[in-house]
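A.B. asks: Please find one structure pasted underneath; my questions will follow.
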Amino acid sequence: MGVYGTATEKISIFERLLEWFLFRFRWIFVIPLILPASLAYDSYNFVRNWFIYKVQSAPKAHDRKVAKIQKSVKQWSSGDRKKKMCTARPGWLTMSFRFPKYKKDMVQIKTNDLIDILEIDTNARTVRVEPNVTMGQLTRTLIPLGYTLPIVPELDDLTVGGMINGCGVESSGRKYGMFQHICQSFEIVTANGELIFASKDKNSEHQPLFYGIPWSHGTLGFLVAATIKIIPCKPFVRLTYFPCKTQKKLYDRLSHEANKNDNEFVEGIQYSYDSGMIMTASFTEAVPKNGSLNAIGRWHKPWFFKHVETILKSGKETVEYIPLRDYYHRHSRSIFWEIQDLIPFGNNVLFRWFLGWTMPPKVSLLKLTTSGSIRNIYNRRHVIQDMLIPLDNIQEAVDIFDQEVQIYPLWLCPLNLQSSPGMVRQRAGRNIMYVDIGVYGNCTRDTYEPKETTRKIEGYVRSVQGVQMLYADTYMTPSEFWEMFDSSLYDWLRTKYNCKEAFPNVYDKVCKAARY
Ligand SMILES: Cc1cc2nc3c(=O)[nH]c(=O)nc-3n(C[C@H](O)[C@H](O)[C@H](O)COP(=O)(O)OP(=O)(O)OC[C@H]3O[C@@H](n4cnc5c(N)ncnc54)[C@H](O)[C@@H]3O)c2cc1C
Ligand SMILES: NC(=O)C1=CN([C@@H]2O[C@H](COP(=O)(O)OP(=O)(O)OC[C@H]3O[C@@H](n4cnc5c(N)ncnc54)[C@H](OP(=O)(O)O)[C@@H]3O)[C@@H](O)[C@H]2O)C=CC1
Ligand SMILES: CC(C)=CCC[C@@H](C)[C@H]1CC[C@H]2C3=C(CC[C@]12C)[C@@]1(C)CC[C@H](O)C[C@@H]1CC3
């Protein structure tokens, strides 16, 4: 029997065929099981969250929940401290492809029930939330009140805790930066069980901790609440599509629009080496009489990236009016473009009209049911990476992605990176326009080796003072990691707040060895 693979990973033709079959025909399982389960899960949460919000029981319950967390941490602190702590959020719920290995050897602190919006203060223009509140929950609550978060990372199930302890980017990043930049303060349970308030305010005693938390992945304390800025919004966005048929036009347009103050939102989708679409949007009160309304979130509508591709093919600059919530979650229904591997015929008009209302499958349930064989295929062929690099380097960066993985579409999301203290190293002393290049899909290059290829890309990203989003697989060594990220504030905070015994170092949580 023929054997394929690298020296470390030999597999037979039979195994490969079985994997391929399971991957290709996964929809047989996804449609009758995962879709109804996703619908049931979402419906339950919708009703539960609506009820809790209406009876306003969350703020009282919050103090009780936090006291329980403090008690568990104090118990750990007075114990033998042989094991370190992490949250008890199960690996399958998290928005990365990997299952965290580290959790099973650690003391898991139950932060799972911190799932409520605590307070919306329209005078102060803030919302105070628990960390497991999701982006979908926030847009559903805030938009009808005429408010929104300045940055809404698009997948419905992303959590505030993940966006703060990890990182969050979205098409309004050109104006507001990353999710951490729209936060005002964090309430943290420290390694000795104390509850502290870390605020952006320069007079706040714990201000350095406020800057240290983003990207630290829960290794400086447990986040139990966050106060985030809100801004007034309007019910629609006016979205302009700029088709670009050469790479130069695409990047020139991206750079021009990212630096233009009138744009609230700017994103690009690159469909091939030399073509793509740049989209800009701003809030608008109503659809003008001759305007074209497109409720892209409705169940029977084409997947957003396919709709954009159709406009690209037409080559016509186009304007559409889109309901705000549909715009924010435009990539949810097709999980960017990942859905085409799971349900290849999902964008067919008949499927959309008959079963579109059951979509999308929940990422967490897909993750929970990813068998070993499917995981092998993903490990060998599939790339899920986001690299944040200076916008001026985009051409060079895409050349490297093209040479190494040749995956399209690419997601291009400009973001204004502030020069503030913290793990993300940006020492210019002024804001610099970065771009997140998101690569999600199957690699078509024969030379692709997950580790070597990713290391080459990581090396390039470091060389231009870029950073890799840490939900993705990172193959860097500790010294390479700390060359990419800034440890000065982090290390000092680890000592000041007695974190070294309590929590692993962030590298040990995010490196490949810590994940299945
Ligand atoms: C031994 C020790 C003691 C410490 N004691 C305290 C303390 O008492 N109080 C306290 O608050 N902190 C303390 N810290 C933390 C310290 O504030 C941070 O490490 C701080 O970021 C160091 O700044 P730096 O410019 O020296 O380092 P750098 O490594 O140059 O920069 C650190 C961060 O600041 C950013 N930065 C650099 N230049 C600029 C700029 N011009 N504009 C905006 N951002 C910039 C960088 O991007 C980076 O994220 C201590 C750290 C150490 C190692
Ligand atoms: N548009 C975007 O920006 C997108 C971003 N992502 C990425 O997905 C991830 C978010 O996924 P999500 O499932 O929401 O979050 P996760 O559960 O994956 O959490 C991410 C990290 O934050 C830590 N964390 C979460 N909550 C707390 C808390 N209350 N206290 C302390 N630490 C905490 C976790 O620690 P522990 O390991 O202890 O649980 C974990 O290390 C982010 O890393 C983000 O970068 C993914 C898709 C889109
Ligand atoms: C916009 C940014 C910054 C990132 C988007 C990343 C997402 C596209 C990925 C994050 C987690 C990924 C998972 C999958 C697809 C791609 C992501 C949503 C799967 C659903 C693919 C199918 C597997 O069986 C389960 C995966 C879980 C994680």
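The values are calculated or read from the model by the stated rules, or taken from the named source; none is laboratory data. Just so we're clear, the structure is a prediction, and the values are computed from it rather than from any experiment. Glycine also receives a Cβ, built like all others from the backbone with ideal geometry; neighbour counts cover every protein chain displayed. Please note that ligands, DNA and RNA were not included when accessible areas were found on the heavy atoms of the full protein model with its side chains. Shrake-Rupley method; radii C 1.70, N 1.55, O 1.52, S 1.80 Å.
A.B. asks: Out of curiosity, is residue 100 within 16 Å of ligand 3 (Cβ to nearest atom), free of Cβ contacts under 8 Å to residues at least 24 places away in the same chain and either open to solvent by 20 Å² or more (accessible area, probe 1.4 Å) or in contact with a Phe, Trp or Tyr (Cβ under 6 Å, 6 or more places away or on another chain) (or both)?
C.D. replies: It is false that residue 100 is within 16 Å of ligand 3 (Cβ to nearest atom), free of Cβ contacts under 8 Å to residues at least 24 places away in the same chain and either open to solvent by 20 Å² or more (accessible area, probe 1.4 Å) or in contact with a Phe, Trp or Tyr (Cβ under 6 Å, 6 or more places away or on another chain) (or both).
A.B. asks: Could you pull out every one of the helices (runs of 4 or more DSSP H) wholly within region 361-405 that has 3 or more residues that are more than 8 Å from ligand 3 (Cβ to nearest atom), of a type in the set (A, V, I, L, M, F, W, C) and surrounded by 19 or more Cβ atoms within 10 Å (Cβ to Cβ)?
C.D. replies: Once the helices (runs of 4 or more DSSP H) in region 361-405 are filtered for at least 3 residues that are more than 8 Å from ligand 3 (Cβ to nearest atom), of a type in the set (A, V, I, L, M, F, W, C) and surrounded by 19 or more Cβ atoms within 10 Å (Cβ to Cβ), what remains is 394-404.
A.B. asks: Filter region 475-492 down to residues that are of a type in the set (Ser, Thr, Tyr) and either in contact (Cβ under 8 Å) with a residue 60 or more places away in the chain or not in a loop (DSSP other than H, G, I, E, B) (or both) and give me whichever is least open to solvent (accessible area, probe 1.4 Å).
C.D. replies: Selected residue: 490.
A.B. asks: Just checking, does region 449-462 include any residue being within 16 Å of ligand 2 (Cβ to nearest atom) and open to solvent by 30 Å² or more (accessible area, probe 1.4 Å)?
C.D. replies: Looking for residues that are within 16 Å of ligand 2 (Cβ to nearest atom) and open to solvent by 30 Å² or more (accessible area, probe 1.4 Å), one finds none in region 449-462, hence no.
The rows are residues; the columns are (1) of a type in the set (Ser, Thr, Tyr); (2) at pLDDT below 95; (3) more than 16 Å from ligand 3 (Cβ to nearest atom).
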site: 66; (1), (2), (3): no, no, yes
site: 70; (1), (2), (3): no, no, yes
site: 81; (1), (2), (3): no, yes, yes
site: 90; (1), (2), (3): no, yes, no
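A.B. asks: Sticking with this one: What number of residues within region 151-208 are within 14 Å of ligand 1 (Cβ to nearest atom) and more than 22 Å from residue 418 (Cα to Cα)?
C.D. replies: Residues in region 151-208 being within 14 Å of ligand 1 (Cβ to nearest atom) and more than 22 Å from residue 418 (Cα to Cα): 1 in total.
A.B. asks: Before we move on, is residue 216 open to solvent by less than 20 Å² (accessible area, probe 1.4 Å), at pLDDT 95 or above and under 17 Å from residue 124 (Cβ atoms)?
C.D. replies: Spelling it out, it is not the case that residue 216 is open to solvent by less than 20 Å² (accessible area, probe 1.4 Å), at pLDDT 95 or above and under 17 Å from residue 124 (Cβ atoms).
A.B. asks: Can I ask one more? Going through region 493-512 one residue at a time, which ones are open to solvent by 10 Å² or more (accessible area, probe 1.4 Å) and either over 23 Å from the mean Cα position of the chain (by Cα) or without any contact (Cβ under 8 Å) to a residue 12 or more places away in the chain (or both)?
C.D. replies: 494, 495, 496, 497, 498, 500, 501
A.B. asks: On the basis of being within 10 Å of ligand 3 (Cβ to nearest atom) and either among the aliphatic types (A, V, I, L, M) or farther than 30 Å from residue 16 by Cβ (or both), does residue 335 make the cut?
C.D. replies: Spelling it out, residue 335 is indeed within 10 Å of ligand 3 (Cβ to nearest atom) and either among the aliphatic types (A, V, I, L, M) or farther than 30 Å from residue 16 by Cβ (or both).
A.B. asks: Hey, residue 186 hits all of (1) in contact (Cβ under 8 Å) with a residue 60 or more places away in the chain; (2) surrounded by 24 or more Cβ atoms within 10 Å (Cβ to Cβ) but one; which does it fall short on?
C.D. replies: (1)
A.B. asks: Does residue 135 count as within 14 Å of ligand 3 (Cβ to nearest atom), in contact with an Asp or Glu (Cβ under 8 Å, 6 or more places away or on another chain), closer than 22 Å to residue 49 by Cα and open to solvent by 30 Å² or more (accessible area, probe 1.4 Å)?
C.D. replies: no
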